[in-house]
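K.L.:
My questions all concern the structure below.
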Amino acid sequence: MKDLSVDDVSTLYPQVGPYFSDGHRRVDYVLAYHIQKSVNIRRRSSRFSDNNFIQGLRRSLSMRSSRAPLQPKEDPEIAAQEQRTNYHEDDKRFRREEFEENLLETGLELERDERCKIPGIGFLKIHAPWNVLCQEAELMKLKMPTKKVLHPTTIRLFIHKVTAPLHPKVDANRQDSIKSLSHPFSREKQHLTRCTRAKYSMGETWHIFYFDIQVNSFHWITSLLANGVYSSAYPLHDGDITEANAESNDRKLLYEEWASYSVFYKYQPIGLIRKYFGEKVGLYFAWLGVYTQMLIPAAIVGVIVFLYGCATVDDNIPSMEICDSRNNITMCPLCDRACSYWKLVTACGTARASHLFDNPATVFFSIFMALWAVLFMEHWKRRQMRLNYIWDLTGLGEEEKDHNRAEYEFRVMQKTMRLEHSTPKILVTFAIVFGVILYRISIKAALHVSTYPTARSNIRATVKTTAAIINLIIIIILDEIYAAIARFLTNLEVPKTDKSFEERLIFKTFILKFVNAFTPIVYLAFFRGRLVGRPGNYLYVVGSYRMEECAHAGCLMELCIQLCITMLGKQLIQNNLFEIGIPKLKKLLRKRKSELDCKEEEELSKTLQRHEKDHLLGPFNSLNPEYMEMIIQFGMVTLFVASFPLAPLFALLNNIIEIRLDAKKFIMELRRPIAARAKDIGIWYNLLRGLSKVAVIVNAFVISFTSDFIPRLVYQYMYSPDGTMHGFVNHTLSYFNVSDFQPNTDPLQPMHLGYKVEICRYKDYREPPWSSTPYELSKEFWAILAARLAFVIVFQNVVMLMSDFVDWLIPDIPKDISLQIHKEKILMVELFMKEEQVKRLAARDHHYQDNCTLPLSVPQSPPQARSRPISHTNCC
């Protein structure tokens, strides 16, 4: 019987699902490659013979010899280019044939499709038979569920019943409450498992298949993809989700119960996500879900702190003194020449707004967020351990081995490169921040000399907002540049294994993007207003540019504006808008590149095979960008939360949208990712833990040096005559004699306020001009500095001690999981003992029947007792 070709079988089985042309064998993986249009390559059947390489060589030579006399005279350069192109295409084809022969030797079944509806693209469909899956699963010691079911505790069942309305309507969600006893797969004990070809998830099938290729093949798929032998490689999605009459499948179920915005209040179907995408993707969305849930109490407390500031703003004595026009305090100019004297009462709005974020409640919120970060890490460790137990990943670290990268040996052989450091790249960020500082100074001076009264009245708000927007635009642009730089630097190091490559790439990308995002914020929090000098002796940069000062209420308000714009801008533009717009743009470009216009696409969309439809989707690269944006957001939430208590609320709202947006992207916009196995989130956990530790120190310095919390305490308990905050504003202002201005630095319009100014005030703790040591730092300055440093030490140690206590108090492994693991070991021993007992009884019965062959007319004797030995004489 001859083999059927693709077209012959497709006429018998007109099926467009993820199957071979016979309609029965499921496509487990697809390799796509480019077809050279100028060479008419004969289509091959679904079976491959042993002499394919020789036949391909003869066919190529015959095509070249038959084509040569018919070709007209052409330009020698064009002919040489075509010859080189044909040579490379033939070389790729020969390498494909060699690789495909290796796949056949492993027992995989292949089918080629070169007459698809996408011009210039051929597909190789791969199917893993049942015997191959069993063989490799046994070699990998892959744990498979047995027929023994472990029921959850009564408390877990009660909680699950109470929260039933929040659970998605998927069968896979039962895996969180009901677990089967699992054991490493063995073909001898296959009858004990509930494992069939249909029950293998695509994640398990692909993991076994990829392991099979890594062990038994001479070439790596990644190497062939890098060299252009294959253009893409991907497993297939289950089926369509947009058609009304589409069959029910896991992809459609995920679209309805996970990717829809109408189910934003429900838990994610983590069990089904893991089944469809694999453990690595499942752990990411499980971590994102835990992070989003933990943001709920943080957002509630942050809103309460903000409302407390709003409720007490009218009772805040320092802001009342600033807003009181009767004080008649004249302040020194904010810049040289162009700026004039001004009244402190004009800073009333800024002082009242600063109190919303600079009040005693922010200290409590900083301590709360430090403990929140520890609770979040502990909660995730427990959740991760529970998932490891449910997904049978507890022994994955010992079973899995990291394989060498495909490019490692090739790059080592040709490594003639010089190492570069990322320091010059990071210096670009500092240079840009310095440029924004100059922008602030120059724009402020320009607005001061402006003839428009509106511009002069809103100088601070204009400079703050525009500078923050410029920083945001630069951060977004540099993020993309730094990602490419991090990959380039990692490639220079030539890491040996995939795990090493990924960890080094993540660390470099994190450092560059972290510095890029937080450098402007660190400048506002700790440097602006401190490297200024004093009237008559200011600090200048780049010649005549005077360093900018903070407002009288401090730089906390500007820090809040920068955090708000950066956080909202990155989430709205970079995370959400880019995730929607860029994939759609790439998809449009791929469609144009595939030479399909909109009308042709609409006509062919209903007839395209599953592997053809998935080829039009975007490739899945990695989860690193998804993790990275969440890690940067975690830094925004924890590091400077003392200056922006609404950060957890904005992060919560963003993540609610982010989960559904990522779900829709994974299901509709991207090809199905390779189902990689993992038992944890890897290096990301270490980065989170490091950020939570750094957040304690950063918030301690923000409260001590950026806000006025410590100066207010020192004044109230050391210098206030009545123990209240009355007189605090006057206590923070020093005196300056205007006759002590340096030449060409005094205001051009000294009579701007309508009277001659002889003494002006500025915010600092310095001796007055009439003292014996004029303009020197006063004793109040040193007392406040000592209090600030003492607060940093006390705050850091107390919060760290509380965090370590919480870490010690909460066990990493839930108690019920520990009991279940112990119970599972006992049940496993009992199961195998029972199975051995059944085997012995079956063998004894078989031996008994072989030796007791009685005539049909003779009735059989009753069975003997188990304790009584069987006698052959009695049988006969």
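K.L.:
Percent relative contact order of the range 689-802, based on C-alpha pairs within less than 8 angstrom and at least six residues apart? Walk me through the intermediate numbers first.
P.N.:
On the way: 97 pairs, mean separation 34.4, N = 114.
Relative contact order, the range 689-802: 30 percent.
K.L.:
Now for a separate question. Place a point 7 Å from Cα of Y538 in the direction of its Cβ. Which residues in the range 338-353 have their backbone N less than 20 Å from it?
P.N.:
338-347
K.L.:
Moving on. Order the following by accessible area, largest value first: L224, L649, L789. Probe radius 1.4 Å; ligands, DNA and RNA are ignored.
P.N.:
L789, L649, L224
K.L.:
Using a Förster distance of 51 angstrom, determine the FRET efficiency expected from the C-beta separation of N131 and F526, and round it to 0.05.
P.N.:
0.20
K.L.:
Let me ask something else. For every other residue with a beta carbon closer than 12 angstrom to the beta carbon of P811, add +1 if it is Lys or Arg and -1 if Asp or Glu, then tell me the sum.
P.N.:
Residues close to P811 contribute a combined charge of -1.
K.L.:
Given the whole protein assembly as supplied and a 1.4 Å probe, what does the accessible area of L157 come to in Å², nearest 10?
P.N.:
Roll a 1.4 Å probe over it and L157 shows about 90 Å².
K.L.:
Counting only the backbone N, which residues of the range 733-755 are under 13 Å from the spot 7 Å out from the Cα of R337 toward its beta-carbon?
P.N.:
Counting backbone N atoms under 13 Å from the label point, the list is 743-749.
K.L.:
So between I469 and I511, what do we pick up on full extension, going 0.36 nm a residue minus the alpha carbon distance?
P.N.:
12.9 nm
K.L.:
Hey, another quick one. For L371 and A311, what is the calculated FRET efficiency with R₀ set at 35 Å and r taken between the beta-carbons, to the nearest 0.05? Walk me through the intermediate numbers first.
P.N.:
Details: r = 25 Å, r/R0 = 0.70.
Efficiency computed from Cβ-Cβ geometry: 0.90.
K.L.:
I've got another one for you. Select from the range 229-275 those GluC sites (Glu not before Pro) which occupy a DSSP coil region and have at most 11 other Cβ atoms within 10 Å, ordered by residue number.
P.N.:
Answer in residue order: E243, E247.
K.L.:
Quick check: from the Cα gyration tensor, does the range 457-542 come out rounded (a/c under 1.5), prolate or oblate?
P.N.:
Prolate, since a/c reaches 1.5 and a/b exceeds b/c.
K.L.:
What is the gain in length, in nm to one decimal, between R115 and V798 on full extension, counting 0.36 nm per residue of separation less the C-alpha to C-alpha distance? Present the calculation step by step, with values, prior to reporting the outcome.
P.N.:
Values: separation 683, 0.36 × 683 = 245.88 nm, distance 7.03 nm.
Computed gain between R115 and V798 is 238.8 nm.
K.L.:
Which order do Y284, Y540 take when ranked by solvent-accessible area (1.4 Å probe, heavy atoms of all protein chains), largest first?
P.N.:
Details: Y284 0, Y540 70 Å².
Sorted descending by solvent-accessible area, the residues read Y540, Y284.
K.L.:
For a quick check of your reading of the filter: which GluC sites (Glu not before Pro) in the range 481-554 sit in a DSSP loop and have no more than 11 other Cβ atoms within 10 Å? Could the numbers behind the result be given before it?
P.N.:
Working: sites: E493, E502, E503, E548, E549; in loops: E548, E549.
Of the GluC sites (Glu not before Pro), not one in the loops of the range 481-554 has a Cβ with at most 11 other Cβ atoms within 10 Å.
K.L.:
Which FRET efficiency value, to the nearest 0.05, do you get for I296 and N737 by plugging their Cβ-Cβ distance into 1/(1 + (r/R0)^6) with R0 = 41 Å?
P.N.:
0.15
K.L.:
Sticking with this one: Once you've got the Cα coordinates, tell me which of K252/K570; K143/K825; K92/K508; K147/K381; K147/K839; K117/K280 are over 24 Å apart.
P.N.:
Over 24 Å apart, Cα to Cα: K252/K570; K92/K508; K147/K381; K117/K280.
K.L.:
Heavy atoms of the protein only, probe of 1.4 Å, neighbouring chains included. What is the accessible area of V838 in Å², nearest 10?
P.N.:
90 Å²
K.L.:
Tell me the relative contact order for the range 292-368 as a rounded percent, counting alpha carbon contacts under 8 Å between residues six or more apart.
P.N.:
Computed over the range 292-368, the figure is 36 percent.
K.L.:
Okay, next question. Would you please state which residues of the range 689-726 a label at R326 would reach in this model, taking the label point 7 Å out along Cα→Cβ and a backbone N cut-off of under 18 Å?
P.N.:
Hits in the range 689-726 for R326 at 18 Å: 725-726.
K.L.:
Rounded to the nearest percent, how much of the accessible area of the range 469-555 (1.4 Å probe, protein heavy atoms only) is carbon and sulfur? Can you show the working numbers first?
P.N.:
Values: 2300 of 3540 Å².
Carbon and sulfur: 65 percent of the exposed surface of the range 469-555.
K.L.:
Another one. How much accessible area does Y523 have with a 1.4 Å probe, in Å² rounded to the nearest 10?
P.N.:
The accessible area comes out at roughly 30 Å².
K.L.:
Take the alpha carbon atoms of the range 783-834, find their center, do the same for the range 663-712, and report the distance between the two centers in whole angstrom.
P.N.:
19 Å
The values are calculated or read from the model by the stated rules, or taken from the named source; none is laboratory data. In this text, all values refer to a predicted model and were calculated from it rather than measured experimentally. Quick reminder, even Gly has a Cβ in these numbers, built from the backbone with ideal geometry, and neighbours come from all protein chains shown. Areas reflect the complete protein model, heavy atoms only, side chains present, ligands, DNA and RNA absent. Shrake-Rupley method; radii C 1.70, N 1.55, O 1.52, S 1.80 Å.
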